[in-house]
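To start, the structure under review is shown below, and the notes come after it.
The values are calculated or read from the model by the stated rules, or taken from the named source; none is laboratory data. These numbers were taken from a predicted model, which means no experiment stands behind them. Neighbour counts are summed over all protein chains in view; Cβ atoms, including those assigned to glycine, are modelled from backbone coordinates with ideal geometry. Note: accessible area is taken over every heavy atom of the protein model, side chains too, but ligands, DNA and RNA are not part of it. Shrake-Rupley method; radii C 1.70, N 1.55, O 1.52, S 1.80 Å.
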Amino acid sequence: MTDTDVFVRSNKKSAQSKPLLVHHVAIAFAVGFIFSYLTLANYGIGVSTLSDWNLFETPLSPQTEDAIDLMQVQFLDFLNGESGNQDSHSTFGGSLLYDKAFNSVQTWRYVHAFAKQIIETGYDSSNFHHMVLGARAHYIAHKILYNTPKSLVRRLAHVSPERRLEKLQGSLHSIISKLQHMLYPWLEESFSTALEMQASLPMDSIGIAMTCGNTHFYLAQHLILSLRNVFNVTIPIEVFYAGPSDLTVQKINVLNSMPGVEAVNLFNFFTNETLKGNGWSFKPFAILAARFRTVLFMDPDIAFLKNPMTILDSPLFRKNGLVYYRDRKVWHPERLELVGLFNAMNPHMSNYAFSGSFARSAEDGFQGTTEEMESGFIPVDKGNTGVLFSLLLAAKMNSKQERDTVFYKLAHGDKESFWFASESLRVIYAFNPSYSGSIGILGLKRDDKHTSVCVGKHLHSNEFQEPFWFHDGSVLIDYRQFGPPNFRFSELTHMALHYDFELEEQAWHDGINCLERPNEQTFPVEGEIANLLDHYRAMYRDEIVKVD
């Protein structure tokens, strides 16, 4: 039990049960915190004095592993500016809310010692929590060296075995280099460090990145034409493909002939890993490889109903340097192992994660969602160090060993890896408020208060509950089977949005083909949106360049 339970559970239970529940959870957290430190003491580790910096037994016991996890997240929450005096409802991390005895200097000594030890002992690559502990150690060292005021670094140096600032900085350089090689060896093929990658990005550069193979070529053409000719988006576009077998020379030439578009062979970046990639796994690597600081990543099968550039003015994006979009709110029992993986990676998860329904979906009697994120549109600012390190960890989860042995056995491709990474590194993130809706045709009504929209595309709204973009083949029925001039188009007559969802029953029915919503959240497709969809169909018929 962690202090995050106080926030979540006190918001999920009835008003009558809140005071008693908060009392019990606070006690449980205090006991757990004390137990973690007593566990370390049982291994001869003093809280006030440290003479031996090889502190932790090998392999780590579950108790010690939990204690390290808690200290890392507390230290990261501290570096994020959190304290024990904040409103729990507005605090992202929350690990310090009920720990009045937290001491950043003492916690640093353990965190720093663990970073050194994991370099010596390595980690179990099949254990994602071990991977997270190592990734956090790498991220913390980078934050202390490059993103922390010198006054605090001097204090930390004084209580470190290095004692002097210059020696601590040298030690952090070494930790960063060795942990990067352990976790992200493919990065060194293109950049010596994550800092060098970040420094190579022009300060105000903004561009679009997408991945595309032969199957998605016409979709990519259409998306680019819509961005240029419908929304007057003029920023550069990089289309990443996975070598000559993925995209033919003729199709590459068509893309390169479009204004401001460059087809880029992803195998020229992070080669030892990308050569082992397939399909979904390329996405985080393409975002990392894109030459822009701000990247609007787009799957080629999406279509916009509003100008995608508006995301740059989104309060969520301006605050956090990224925005994540939710998938459908559906509960699949076969995905509960994925929920278990997330919970194992984050035993002291943030208030924000625990306030959602994904992490709690494995609880008895609770059906939240086992499909949290949709990765068809991901706006990110790689100039934000936390965002960049989240992308590195997401790429790690999509690397061959990690995806084949663990991640893709449980997840439907890449999509959950992005927010799993942000959460694991305690990088502040937020989802767009709504879950995925639907744009399709009317289904059967079960009563006068609800409407179903069926056999549709997955529709995403913006922060203001306005239809923004949808995915699953643009306006086409089956883009894999029908190409020019025989495109077939979906019937899209109605939309259903999905908000005000906290306490509802499952909203998707009929094999999750139909989304049932209150009448006020369903609308006919008419006016500007209807005209736009007609224009998209006409573009497929008249403007797509056919390649044999």
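List of remarks:
- Among residues of segment 436-466, those that are open to solvent by 10 Å² or more (accessible area, probe 1.4 Å) and under 20 Å from the mean Cα position of the chain (by Cα), counted: 3
- Pairs meeting the criteria (first residue in segment 291-316 and of a type in the set (Gly, Ala, Ser), second residue part of a helix (DSSP H, G or I), beta carbons under 7 Å, at least 6 apart or on different chains) are Ala303/Ser226; Ala303/Tyr536.
- Top-ranked residue in segment 238-257 [being in a helix (DSSP H, G or I) and in contact with a helix residue (DSSP H, G or I) (Cβ under 8 Å, 6 or more places away or on another chain); ranked as least open to solvent (accessible area, probe 1.4 Å)]: Leu255
- Only residues that are of a type outside the set (Phe, Trp, Tyr) and surrounded by fewer than 22 Cβ atoms within 10 Å (Cβ to Cβ) were counted across segment 218-237, and they come to 10.
- Among the residues of segment 449-466, those that are closer than 16 Å to Glu520 by Cβ and in contact (Cβ under 8 Å) with a residue 40 or more places away in the chain comprise Lys449, His450, Thr451, Ser452, Val453, Glu466.
- Pair list, Cβ under 7 Å, 6 or more apart: segment 192-210 residue over 18 Å from Ile144 (Cβ atoms), other residue acidic (Asp, Glu) and crowded, with 18+ Cβ neighbours inside 10 Å: Gly207/Glu238; Ala209/Glu238; Met210/Asp299
- Residue in segment 352-368 that is open to solvent by 10 Å² or more (accessible area, probe 1.4 Å), farther than 30 Å from Glu189 by Cα and of a type in the set (Lys, Arg) present: yes
- Number of positions in segment 467-486 that are more than 23 Å from the chain's Cα centre (by Cα), assigned to a loop (DSSP other than H, G, I, E, B) and in contact (Cβ under 8 Å) with a residue 60 or more places away in the chain: 7
- Residue match in segment 241-255 (condition: in contact with a strand residue (DSSP E or B) (Cβ under 6 Å, 6 or more places away or on another chain) and in contact (Cβ under 8 Å) with a residue 60 or more places away in the chain): no
- Tabulated pairs, segment 162-177, first under 13 Å from Lys116 (Cβ atoms), second among the small types (Gly, Ala, Ser) and not in a loop (DSSP other than H, G, I, E, B), C-beta under 6 angstrom, 6+ apart or interchain: Glu162/Ser171; Leu168/Ala157; Leu172/Ala141; Ile175/Ala115; Ile175/Ala141; Ile176/Ala141
- Members of segment 97-112 that are open to solvent by less than 50 Å² (accessible area, probe 1.4 Å), in a loop (DSSP other than H, G, I, E, B) and touching a residue at least 40 places away in the same chain (Cβ under 8 Å): Leu97, Asp99
- Checking each residue in segment 394-426 for being assigned to a loop (DSSP other than H, G, I, E, B) and either in contact with a Cys (Cβ under 7 Å, 6 or more places away or on another chain) or open to solvent by 20 Å² or more (accessible area, probe 1.4 Å) (or both) picks out only His412.
- Any hit, segment 282-293, residues being in a helix (DSSP H, G or I), open to solvent by 20 Å² or more (accessible area, probe 1.4 Å) and out of contact with any His (no Cβ under 8 Å at 6 or more places or on another chain): yes
- Of all residues in segment 315-344, exactly one satisfies the criterion of being small (Gly, Ala, Ser) and touching a strand residue (DSSP E or B) at 6+ places or on another chain (Cβ under 6 Å), namely Gly321.
- Residues being modelled with pLDDT of 95 or more and either under 22 Å from the mean Cα position of the chain (by Cα) or not polar (S, T, N, Q) (or both) - total across segment 174-192: 12
- Filter result for Gly440 (out of contact with any strand residue (DSSP E or B) (no Cβ under 7 Å at 6 or more places or on another chain), at pLDDT 95 or above, more than 20 Å from Glu273 (Cβ to Cβ) and not in a helix (DSSP H, G or I)): no
- In segment 113-135 there is at least one residue matching the filter, namely being within 21 Å of Val427 (Cβ to Cβ) and either of a type in the set (Asp, Glu) or open to solvent by 20 Å² or more (accessible area, probe 1.4 Å) (or both).
- Selection status of Leu76, among the hydrophobic types (A, V, I, L, M, F, W, C), touching an Asp or Glu at 6+ places or on another chain (Cβ under 6 Å) and buried (at least 20 other Cβ atoms within 10 Å of the Cβ): no
- Flag if Thr215 is more than 23 Å from the chain's Cα centre (by Cα) and open to solvent by 30 Å² or more (accessible area, probe 1.4 Å): yes
- Every test in (1) under 27 Å from Leu255 (Cβ atoms); (2) among the hydrophobic types (A, V, I, L, M, F, W, C); (3) buried (at least 21 other Cβ atoms within 10 Å of the Cβ) is passed by Phe489 save one, and that test is (3).
- Each residue in segment 508-528 was checked for being in a helix (DSSP H, G or I) and either among the hydrophobic types (A, V, I, L, M, F, W, C) or buried (at least 20 other Cβ atoms within 10 Å of the Cβ) (or both), and 1 pass.
- Members of segment 377-391 that are of a type outside the set (Ser, Thr, Tyr) and open to solvent by less than 10 Å² (accessible area, probe 1.4 Å): Phe377, Ile378, Pro379, Val380, Lys382, Gly386, Val387, Leu388, Phe389, Leu391
- When residues of segment 79-92 are limited to those that are surrounded by 15 or more Cβ atoms within 10 Å (Cβ to Cβ) and either out of contact with any Phe, Trp or Tyr (no Cβ under 8 Å at 6 or more places or on another chain) or of a type in the set (A, V, I, L, M) (or both), the one modelled with the highest pLDDT: Leu79
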